[in-house]
1. Can you pull out the residues in region 51-71 that are over 18 Å from ILE34 (Cα atoms) and more than 10 Å from the chain's Cα centre (by Cα)?
2. Could you list, in sequence order, all residues of region 45-59 that are touching a residue at least 40 places away in the same chain (Cβ under 8 Å), hydrophobic (A, V, I, L, M, F, W, C) and surrounded by 20 or more Cβ atoms within 10 Å (Cβ to Cβ)?
Amino acid sequence: MKFVTGLLAAALLFAAVGTSHAVVRIADDRGGRIGTYVDKYQGLRSSGETVIIDGLCASACTIVLGAVPHDKICVTSNANLGFHAAWDFGANGRAVTNPEATQMLYSMYPSQVRRWIAHRGGLTPRMIFLRGRQLAGMYKPCYMDAQASAH
């Protein structure tokens, strides 16, 4: 029995080590439906994986900032976050801003990101981009890892 307990402990240790070094790379994500991203990132949050933002993360993709712990997100010099108001298709097929969904989206962001958005006029139909020095001042830098999986 002692042997089985030892094997179980070793398996759990290796499983914990494996997940603590797992990374997910976001490089070209233009967004999509908010609910899809909420579900996706809640799973990512519970996995404990580190998120590397290494390119465009726009629209609903930016929900990652509120769903994944701050210390599990890093940005490269290529990181580029795009924010805009949430929208639905109107009766005539055109995009119409959805104020409730926009407020929900805004509330998901960390306070420093909300302040940055507010200083630029809030979430509107026009895309605004957070990148470079401003983004680097909010999130730790990271360097590409060959084991990163693209999401």
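Computed from the coordinates by the stated procedures, all read-outs in this text should not be read as laboratory data. None of these values were measured; they are calculated from a predicted model. FYI the Cβ positions are ideal-geometry reconstructions off the backbone, even for glycines, and counts take in every protein chain you see.
1. Selection gives ASP54, GLY55, ASP71.
2. ILE52, ILE53
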